[in-house]
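Accompanying notes for the structure given below.
The values are calculated or read from the model by the stated rules, or taken from the named source; none is laboratory data. Remember, it's a predicted structure, so these values are computed and weren't measured experimentally. Don't worry about glycine lacking a Cβ; one is built from the backbone with ideal geometry, like all the others, and counts go over all protein chains shown. With ligands, DNA and RNA removed, areas are computed over all heavy atoms of the protein, side chains included. Shrake-Rupley method; radii C 1.70, N 1.55, O 1.52, S 1.80 Å.
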Amino acid sequence: MVVCRTKEEIEKIRRAGRIVAEVMRDLRQMAQPGVTTRELDRYAEAKIRARGGIPTFKGYRGFPASICTSINEEVVHGIPSDRKLQAGDIVGIDCGVTLDGYVADAAITVPVGEVSEELQRLIRVTEEALYRAIAQARVGNRLYDISYAVQSYAEAHGYSVVRDFCGHGVGRQMHEDPQVPNFGAPGRGLRLRPGLVLAIEPMLNMGTYEVEIAEDGWTVRTVDRKPSAHFEHTIAITERGPIILTTLDAEPLGERDLHVL
Ligand code: MG
Ligand code: MG
């Protein structure tokens, strides 16, 4: 069931999203050669709790940590560990925060030290695919306009789009309806309405789109072991366009932002 949120509910998601954004800002700086992903996780959990939030991922279906860290050929859902980041790696960092009963969810992919030009390009194109997708999250558009924006931009740059995992509605739970695939035909799917809150999250692979689950039961990696990148924001659809809720500077909604004409 797809739910449209009230202004007050979106304000709660925005406040959770502010904490997510602070964690992302800090972890982007901390992701240096020699740092373990467990150190990033410990920092994130302490930060979230100090701000009064709950790390949504911890215990979610048994997930053992507060963030996901996915290195190189790992796509999403990597488990923080004693593995040290190395110069030339790229690491995806995914984080969810629950505050006052509402969830926000975001992800970034960060270069560790100096990385190759081809990995920098993968990161750049994946982030741009996210912003192109967000730009389609407008009242009157259809859900797969978002999906098509990711797929068309990714494939135009020679990358493939992961099929097996997708974006989602966000609200009182991290994963709500609708699913937001990163591929599809424009002009199809749910008609977008004010008050819809979505986590949009392109996952782009340098090689095949096929992925598999590693032996740990969580980590998703590319079948061909080529690199993958992931970016995500939680956004609200309003009459004045999409508003990103997982940034440091998101403004509260205005009185008429959810007004249905
Ligand atoms: Mg996420
Ligand atoms: Mg998500």
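Observations
- Surface exposure of the range 7-244, expressed per residue as accessible area with a 1.4 Å probe, stands at 40 Å².
- GNM on the chain, alpha-carbon springs under 10 angstrom: the most fluctuating residue among 107, 50, 133 is 50.
- Take 183-189, 147-153, 98-104, 231-237 and order them by the average number of nearby Cβ atoms within 10 Å per residue, most first; the result is 231-237, 147-153, 98-104, 183-189.
- Packing rank of 2-10, 154-162, 202-210, where each peptide gets the mean count of other beta carbons within 10 Å, highest leading: 202-210, 154-162, 2-10
- With a Förster radius of 22 Å applied to the beta-carbon distance between residue 251 and residue 6, the computed FRET efficiency rounds to 0.85.
- Tensor-based shape of the chain (alpha-carbon gyration tensor, a/c under 1.5 rounded, otherwise prolate or oblate): oblate
- Sequence-distant lysines (8 or more away, or on other chains) whose Cα lies within less than 23 Å of residue 47: 12, 58, 84
- Per-residue ellipticity at 222 nm, computed for the chain from helices alone with -39500 (n - 2.57) per DSSP H run of at least four residues, works out to -9000 deg cm²/dmol.
- Using a probe radius of 1.4 angstrom, the carbon and sulfur fraction of the accessible surface of the chain is 48%.
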